[in-house]
Amino acid sequence: MRSRLCAVVGAVVIGAGLLTPPSASAAPGAPQAPSVASLAASAPAGLIPDRPMPEEVARALTRVARASDGRVRLGTVGSSNEQRPLPLASVGTGGVRLLYLTQQHGDEPLGTPAAVRALWALGVPDSAWHRWLRSRVTLDIVVQVNPDGAVRNQRYNHDPSAGGEYSEPGVGYDINRFHNPLTPIEDIPVPEARAILRRWHATHPAIVVDYHMQGRYLQPDGRETTASILWPTTTLAGEAAVTRSRQVAVRNFDVLTSVAGANVTRYPGGDYEGIARNGYGILGSASLLVELSDLPPEQADFQIRTAFTSMIATVHGAANGSLWRTDPARADTIPERGPSLPDVTTLRRADAA
């Protein structure tokens, strides 16, 4: 039973694979892409903790910006309900814009250290490839969308006055239910969601990727899901945006499985338009949700590297155009996520039977 449930994660090295799959031709004149391993290795050890507090995020971003000689630019998109800054880090000056979001749910932290590592890997080295990439894309990352939830290790933001749908009364709101483009921004009760929507309207990113965490799930073949992805499923999203979103999903599936060693499935998400994945699809962006499974603590770095690989591969695919040469129909072949993994007590009982 134990061997059947074991995730194939411990010894995987994300190293050798290049960012461009063999089936995707590089853009004319583009320098050879480095391996994911070399990019990951460029970030120093101890840059940021696995589950950082807001002040640790701020220190890490300041360190990245200084080391980048100004190539990583820092700012904010607004403030949380408790007036903590919502950090914005940007790299690149190209015409193709991307927006990444991390830690909308305060107890789902691993996308945040991945984002800091990605900013270092893209902004600090200054090779020909790095200069080429930065000339073609502008990547914005809102690093830790929910700092108030992060300090409490809770899903919701902090708002004792919260009430109504998608809230925990007396605790706060679920930020990832308030990106509804059909609601006037000033009428949205969640400052973090208002800030992200305003940033979208200021920059109109071609791609939005939202990084979360999920529970643990077992596939029929006995392997454990390590990540799940999904594109917009609302009928309000236009066909072109959904097609591009599915292309981003396929690219992530290919790279995460072949380079990061992840076991990727399709996330069973809902159709509500206030979910970021749906809301930004309605607005016209290629939009993707990435959910990292909440594996044991010793596998946290594997999951951070999975998110890092997604971030790098997506921005590189946008820069060389290989994203848009992907067959969107292949998204339908991404396996559905299996049932919840039995808890430890259930496993022990099964082993004793």
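Things worth noting here:
- Rounded if a/c under 1.5, otherwise prolate or oblate - segment 234-277, Cα gyration tensor axes: oblate
- Kirkwood Rh and Cα Rg combined as Rg over Rh, evaluated for segment 245-320: 0.99
- Note on the chain: with a GNM built from Cα contacts shorter than 10 Å, the maximum mean-square fluctuation among G269, G92, G284 falls on G269.
- Beta bridges assigned by DSSP with both partners in the chain are antiparallel in approximately 45 percent of cases.
- Estimated from helices alone, the mean residue ellipticity of the chain at 222 nm is -10500 deg cm²/dmol (sum of -39500 (n - 2.57) over DSSP H runs with n ≥ 4, per residue).
- For segment 195-353, Kirkwood radius (reciprocal of mean inverse C-alpha pair distance, Å): 16.3
- For the chain, the relative contact order comes to 22 percent (Cα pairs under 8 Å, sequence separation of at least 6).
- E82 versus H204: modelled label distance in nm, points set 7 Å from Cα along the beta carbon direction: 3.8
- Whether the chain is rounded, prolate or oblate, judged on the alpha carbon gyration tensor where a/c under 1.5 counts as rounded: rounded
Values quoted throughout were computed directly from the atomic coordinates according to the rules given, and no laboratory measurement underlies them. Because the structure is a prediction, the values reported are computed rather than measured. Note: ideal-geometry Cβ built from the backbone for every residue, glycine included; neighbour counts use all protein chains shown.
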